[in-house]
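These notes concern the structure reproduced below.
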Amino acid sequence: AGALRANVERAANSIVEHFGRAFGPRLLAFDGEVARRVAEVQLYVRQHGGERDLARLGQLACQLAATT
């Protein structure tokens, strides 16, 4: 589940970044609905523990490797 969440976080960040490059700042500045939706996606993604969660996944992988 943690690995899936990390992959979703990377994908969502990539999509927001590509969206910004493709459409520029105009939609975010002048279309309130688009700006709100992008902000909601960014807020959701920020709930991911980021590096802390990835470090925990690494620890679990090392523990699993040590037991096999």
Of all residues in the range 4-41 being closer than 16 Å to residue 54 by Cα and among the hydrophobic types (A, V, I, L, M, F, W, C), the one that is least open to solvent (accessible area, probe 1.4 Å): 6
Taking the range 42-55 and keeping only residues that are over 12 Å from residue 7 (Cα atoms), at pLDDT below 90 and open to solvent by 60 Å² or more (accessible area, probe 1.4 Å), one is left with 44, 46, 47, 51, 52
How do the pairs read when you match residues in the range 39-68 that are at positive phi with residues anywhere that are open to solvent by less than 100 Å² (accessible area, probe 1.4 Å) and acidic (Asp, Glu), using Cβ under 8 Å and keeping only pairs 6 or more apart or on different chains? 50/9
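The values are calculated or read from the model by the stated rules, or taken from the named source; none is laboratory data. Please read these numbers as outputs of a predicted model, since none were measured by experiment. We place every Cβ from the backbone using ideal geometry, glycine too, and count neighbours over all the protein chains shown. Side chains included, ligands, DNA and RNA excluded: accessible areas come from the protein's heavy atoms. Shrake-Rupley method; radii C 1.70, N 1.55, O 1.52, S 1.80 Å.
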